[in-house]
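Nothing in this text is a laboratory measurement; each read-out follows from the coordinates by a stated rule. Remember, predicted model here, so these are calculated numbers, not experimental data. Using ideal geometry, Cβ is built from the backbone for each residue, glycine included, and neighbour counts are taken over all protein chains shown.
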Amino acid sequence: MYVISVAAELVRVHPRTLRIYELEGLICPARTRTNIRLYSENDIRRVLWIRHLTRNLGVNLAGVRVLFELEERLGTRILETLYEDRDTSTDQLPDTDRYETSKPQGAK
């Protein structure tokens, strides 16, 4: 679990961006008793997907929400399946392993 500053550094976004994603219902970090946000590995992966969809494919946050809801309803990872079927020479999957090897100091 990561506090917001560490999570933001891991995925290379501003902490405000993570708050916006939470406000939009795209991620739901856990909270401590003192209301500090704690981001899980799954939250980090979702942020990486959000960044990929918005920056590389031009999907807006409402579209990202629809895609995530579809995945939940179908009970399958449709985004990963779609990319397995495509030629990955031009569209790269989000690097969900990058943050695991380059954790900032103080990350747990």
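Provide the FRET efficiency to the nearest 0.05 for the Glu69-Arg12 pair, computing r from the beta carbons and using R0 = 35 Å. Once the sixth-power term is evaluated, E becomes 0.85.
Each of Arg33 and Arg77 was given a label point 7 Å from its Cα along the Cα-to-Cβ line. The distance between the two points is 3.6 nm.
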